[in-house]
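> If you scroll down you'll find the structure; I have some questions about it.
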Amino acid sequence: MELKLIQSAKDNGERFADKGHISFTDEPVQDLVMKLDPEKKYQSFMGFGGAFTEAAAYTLSQIPGEERAKIIDSYFNQETGLGYSLGRTHIHSCDFALENYTYVEENDTELKTFTIERENKYVLPLIKDAVKSRGEELTILSSPWSPPAWMKTNNEMNHGGKLKPEFYDTWALYYTKYIKAMESEGVPIWGITVQNEPEATQVWDSCRYSAEEERDFVKNHLGPVMEKEGLEDKKIIIWDHNRDIAYERAKTILSDSEAAKYIWGTGLHWYVSEEFENLSKIHEDFPDKHLIFTEGCIEGGVQLGAWHTGERYARNIMGDINNWLEGWIDWNLVLNEQGGPNHVGNYCDAPVIVDTKTGEVHYNSSFYYIGHFSKYIKPNAVRIGHELNHDSLKAVSITNEDGSVVAVVMNDEDRIESFSLSVGGKIAKAELPGHSITTFIIES
């Protein structure tokens, strides 16, 4: 039995460096750092992915086809890329669209004018090329940011507002039309979230629901309409917002059996807090429901070359998986040099930044940090038990379907850390440079 090491470190310039193999020995170690317990099994894991926003798709359309293909491969190719298997789309516009837009004409209460024609320009070609790069279908989750302005109490898509009660069924039907339209274009939709960030009034596309309103919308409108339209196999995900009040929100909705019967699980974002324990609280109260990370990004524009951004990704991925998370979806796959386009100037960072003026492509630390998980933790992997006896190291451990065991360990301190790993009574030793992430693979 040997231990393979893949490592990326801030100061030596190494990214996904193959550090070779380390042999396991029977020698005891005085202060064992990490002990794996492959017999202790937790949740199975769906995979990793990112969002096919109009902003990402448009940015990629601004560069030569060869470069565009390289970036798509760097994310989706299972041999050479990050091996992404999940994706997220926005149901008509979000802030990372070129403008506010919908799929129907104003006041079309029967949705007769419904068309996703706009998505044929940028978004659908990107999804189809990603599928081609991966070599198999992606698991795609779709989310609305706001109903059309005429369906809302504030008569605009931006700045919050609520869905007018007389349009509950119309809006529920809208989701089904979107799913069917995407599938007629050859893009299967795995599930939907009820509403992106329902607790926030944003200057961009947004709509508010209280927990009770979201519960009743699913129970009396969205669930029944999905069923009636023959889409009962599609997953419905609630919340789709931050961890801080996720437990209270989930409890209100999932405690109602008539609403819960339609719901697959709870979606989480990382903004505001890193209260990972709230995921475990949801799992403990509702063990038959699921948890998925639906969005996270570095806010405030592009941060080329920053290292702490990658560490934030790893900290969040580990914290969530160690608390029963089953899938992880990043926000924009790609953004331009400004951190857009964004129709209200809410610029952010992304793992891949394309300078559309010079054609230069930048892979941020976040790209490599995500890859230390997504390249080696395959869909249907199962989290296993581990004991970590260290104040500052962070880790997650899984076993893949092929029997390989993977442990990802991050050292976000300035100093080198001595590391020892034990499994089945055997021990291996390694060094973890300051500000590094290491993927350890035990092949069966």
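The values are calculated or read from the model by the stated rules, or taken from the named source; none is laboratory data. Keep in mind the model is a prediction, meaning the values are calculated, not measured. In this analysis, Cβ positions are derived from the backbone assuming ideal geometry, glycine residues included, and neighbour counts consider all displayed protein chains. When the accessible area is computed, the model is the full protein with side chains, heavy atoms only, and any ligands, DNA or RNA have been set aside. Shrake-Rupley method; radii C 1.70, N 1.55, O 1.52, S 1.80 Å.
> Could you identify the single residue in 128, 112 that is assigned to a loop (DSSP other than H, G, I, E, B) and basic (Lys, Arg)?
112
> State the number of residues belonging to segment 1-19 that are of a type in the set (S, T, N, Q) and either in contact with a His (Cβ under 7 Å, 6 or more places away or on another chain) or at pLDDT below 95 (or both).
Counting residues in segment 1-19 that are of a type in the set (S, T, N, Q) and either in contact with a His (Cβ under 7 Å, 6 or more places away or on another chain) or at pLDDT below 95 (or both) gives 2.
> Please pick out the residue among 253, 237 that is in contact with an Asp or Glu (Cβ under 8 Å, 6 or more places away or on another chain), modelled with pLDDT of 95 or more, farther than 21 Å from residue 111 by Cα and among the aliphatic types (A, V, I, L, M).
Being in contact with an Asp or Glu (Cβ under 8 Å, 6 or more places away or on another chain), modelled with pLDDT of 95 or more, farther than 21 Å from residue 111 by Cα and among the aliphatic types (A, V, I, L, M) holds for just one of 253, 237, which is 253.
> Still on this structure, please answer the following. Here's a check for you: in segment 254-287, which residue that is among the hydroxyl-bearing types (Ser, Thr, Tyr) and open to solvent by 70 Å² or more (accessible area, probe 1.4 Å) is farthest from residue 199 (Cα to Cα)? Talk me through it step by step, then tell me what you get.
Filtering segment 254-287 for residues among the hydroxyl-bearing types (Ser, Thr, Tyr) gives 255, 257, 262, 266, 271, 273, 280.
Narrowing further to those that are open to solvent by 70 Å² or more (accessible area, probe 1.4 Å): 255, 257.
Numbers: 255: 19, 257: 23 Å.
It comes out as 257.
> Of all residues in segment 131-156, count the ones that are part of a loop (DSSP other than H, G, I, E, B), out of contact with any helix residue (DSSP H, G or I) (no Cβ under 7 Å at 6 or more places or on another chain) and in contact (Cβ under 8 Å) with a residue 60 or more places away in the chain.
2
> I'm trying to understand the selection: among the residues of segment 149-178, which are on the phi > 0 side of the Ramachandran plot and open to solvent by less than 70 Å² (accessible area, probe 1.4 Å)? Break it down into steps so the answer makes sense when it comes.
Residues of segment 149-178 that are on the phi > 0 side of the Ramachandran plot, as a first pass: 155, 159-161.
Correct list: 160, 161.
> When you check residue 70 against the structure, is it open to solvent by 50 Å² or more (accessible area, probe 1.4 Å), at pLDDT 95 or above, closer than 22 Å to residue 132 by Cβ and not hydroxyl-bearing (Ser, Thr, Tyr), yes or no?
Judged against the criteria, residue 70 is a match.
> Please find, among 18, 31, the residue that is surrounded by fewer than 18 Cβ atoms within 10 Å (Cβ to Cβ) and either free of Cβ contacts under 8 Å to residues at least 24 places away in the same chain or touching a helix residue (DSSP H, G or I) at 6+ places or on another chain (Cβ under 7 Å) (or both).
Testing whether each residue is surrounded by fewer than 18 Cβ atoms within 10 Å (Cβ to Cβ) and either free of Cβ contacts under 8 Å to residues at least 24 places away in the same chain or touching a helix residue (DSSP H, G or I) at 6+ places or on another chain (Cβ under 7 Å) (or both) leaves just 18.
> Would you check if residue 103 is more than 20 Å from the chain's Cα centre (by Cα) and either open to solvent by less than 10 Å² (accessible area, probe 1.4 Å) or within 24 Å of residue 262 (Cα to Cα) (or both)?
Values: more than 20 Å from the chain's Cα centre (by Cα): yes; either open to solvent by less than 10 Å² (accessible area, probe 1.4 Å) or within 24 Å of residue 262 (Cα to Cα) (or both): yes.
It is true that residue 103 is more than 20 Å from the chain's Cα centre (by Cα) and either open to solvent by less than 10 Å² (accessible area, probe 1.4 Å) or within 24 Å of residue 262 (Cα to Cα) (or both).
> May I pose another question? Could you grab me the full set of residues in segment 292-345 that are farther than 20 Å from residue 190 by Cβ and of a type in the set (A, V, I, L, M)? So that I can check it myself, show each step before the final result.
Initially, segment 292-345 is screened for residues farther than 20 Å from residue 190 by Cβ, giving 297-319, 322-323, 334-345.
Of everything in segment 292-345, those that are farther than 20 Å from residue 190 by Cβ and of a type in the set (A, V, I, L, M) turn out to be 298, 302, 304, 306, 314, 317, 318, 334, 335, 344.
> Are any residues in segment 214-243 part of a strand (DSSP E or B) and either crowded, with 19+ Cβ neighbours inside 10 Å or of a type outside the set (Lys, Arg) (or both), and if so, which ones?
Correct list: 236, 237, 238, 239, 240, 241, 242.
> What tally of residues in segment 47-64 results from selecting those that are within 26 Å of residue 95 (Cβ to Cβ), assigned to a loop (DSSP other than H, G, I, E, B) and open to solvent by 30 Å² or more (accessible area, probe 1.4 Å)?
1
> Out of segment 198-213, which residues are in contact (Cβ under 8 Å) with a residue 24 or more places away in the chain and open to solvent by less than 50 Å² (accessible area, probe 1.4 Å)?
198, 200, 202, 204, 205, 206, 207, 209, 211
> Could you please give the count of residues in segment 288-341 that are among the small types (Gly, Ala, Ser), surrounded by fewer than 23 Cβ atoms within 10 Å (Cβ to Cβ) and either modelled with pLDDT under 95 or within 14 Å of residue 363 (Cβ to Cβ) (or both)?
Matching residues across segment 288-341 total 2.
> Of the residues 186, 81, which single one is among the small types (Gly, Ala, Ser), in a loop (DSSP other than H, G, I, E, B), open to solvent by 20 Å² or more (accessible area, probe 1.4 Å) and farther than 16 Å from residue 196 by Cα? Walk me through how you get there before you give the answer.
Numbers: 81 fails: open to solvent by 20 Å² or more (accessible area, probe 1.4 Å).
Only one candidate passes the filter, namely 186.
> Scan segment 93-121 and report the pairs whose first residue is under 19 Å from residue 171 (Cα atoms) and hydroxyl-bearing (Ser, Thr, Tyr) and whose second residue is open to solvent by 40 Å² or more (accessible area, probe 1.4 Å) and modelled with pLDDT of 95 or more, with Cβ atoms within less than 7 Å and a gap of 6+ or a chain change.
Qualifying pairs under 7 Å: 93/99; 93/100; 101/118; 103/115; 113/105.
> Check every one of the strands (runs of 3 or more DSSP E) wholly within segment 348-423 and list those with 2 or more residues that are closer than 18 Å to residue 315 by Cβ, open to solvent by less than 10 Å² (accessible area, probe 1.4 Å) and touching a strand residue (DSSP E or B) at 6+ places or on another chain (Cβ under 6 Å).
Passing ranges, in order: 394-399, 405-411.
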